[in-house]
Amino acid sequence: MFSQIAHLLIQTAFGFFVYALLLRFHMQWLRAPFRNPVGQFVSALTDWIVRPARRVVPGLFGLDLASILIAWTVEALMLVLLYWLRGFSFAGAPGIAAGMLFTLAAMELMRASLYLLIGVVIVQVIISWVNPYAPLAPVFDALTRPFYAIFRRFVPTIGNVDLSPLFVLLVAQILLMLLENLVARLVLAPS
């Protein structure tokens with residue numbers, strides 16, 4: 001019972017921070033405005049670790065490498081703690097275990113990014129129906145526009161209804177299925 005509670009607390013705390021770091025990375029990558037409650041919250045939550053890390057890890061091609069590297073490290077640390085709670089020993093082959101953990105952490109970041117995309121698409125669709133001029137609309141528009149643009153070239157609007165969010169969600173779900181399969185193969189692979 002203790003291990004289940006610890007598992008829940010670790011996943012919640014670390015996962016929340018990883019999602020905040022990923023949102024920061026994606027907001028900067030997609031040029032979403034930070035002068036809004038979401039951007040200010042993400043900045044307030046992550047500035048304490050991202051700003052010092054930027055002195056060591058510079059950006060590249062407009063990508064905030066410090067945020068993604070910290071998210072990757074936090075995800076790997078979370079996996080170490082979760083495996084440790086399950087009684088997994090890293091002493092047998094520490095190099096292989098570290099490589100596997102960092103690979104799993106990268107895959108978990110991809111999964112979290114896909115879940116973040118799904119959530120942002122759903123919120124953006126709801127905002128566009130309820131109040132398209134809401135103060136947060138530009139943030140969600142900036143985060144979804146590049147993904148919608150891929151499908152808007154091929155899928156016309158039907159009766160003033162844009163179906164591109166549906167296709168983005170469909171592709172994200174397919175990618176999640178493929179990623180789940182890949183993670184299962186990696187975890188169950190004989191060592």
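Every number in this text was worked out from the coordinates using simple rules, so none of it is lab data. No experiment lies behind these values; they were computed from the predicted model shown. Virtual Cβ from ideal backbone geometry, glycine too; neighbours counted across all protein chains shown.
State the Cα centre-to-centre distance between segment 134-191 and segment 30-104 in whole Å.
23 Å
Neighbour counts of other C-beta atoms within 10 Å: give me 17, 41 arranged from fewest to most.
Least to most surrounded, the residues fall as 41, 17.
Inverting the mean 1/r over all pairs of different Cα atoms, compute the Kirkwood radius of segment 25-83 and quote it in Å.
Averaging 1/r across every pair of different Cα atoms and inverting gives 12.4 Å.
Using only the alpha-carbon atoms, what does segment 102-188 span along each of its principal axes? Please give whole angstrom values in decreasing order.
47, 29, 17
Taking a temperature of 4 °C and a viscosity of 1.567 mPa s, what whole-number D in µm²/s does Stokes-Einstein yield for segment 2-188 with Rh from Kirkwood over alpha carbon pairs?
It comes out at roughly 71 µm²/s.
Rounded to the nearest 20 debye, what is the charge dipole size of the chain about its Cα centre when +1 sits on each Lys and Arg Cβ and -1 on each Asp and Glu Cβ?
Computed charge dipole of the chain: roughly 300 debye.
For the ranges 111-118, 137-144, what's the packing order if you count other beta-carbon atoms within 10 Å of each residue, average per peptide, and put the highest first?
137-144, 111-118
Please compute the net charge surrounding residue 109, taking Lys and Arg as +1 and Asp and Glu as -1 over other residues with Cβ under 15 Å from its Cβ.
Result for the local shell: -2.
Mean separation of Cα pairs under 8 Å and 6+ residues apart, divided by the residue count of segment 2-188: what relative contact order is that in percent?
Here the relative contact order equals 24 percent.
Using θ = phi - 60° and the Karplus curve 6.51 cos²θ - 1.76 cosθ + 1.60, what whole-Hz ³J(HN,Hα) does each residue of segment 25-30 get, with Gly and Pro shown as x?
Karplus values, whole Hz, x for Gly and Pro: 4, 5, 5, 6, 4, 8.
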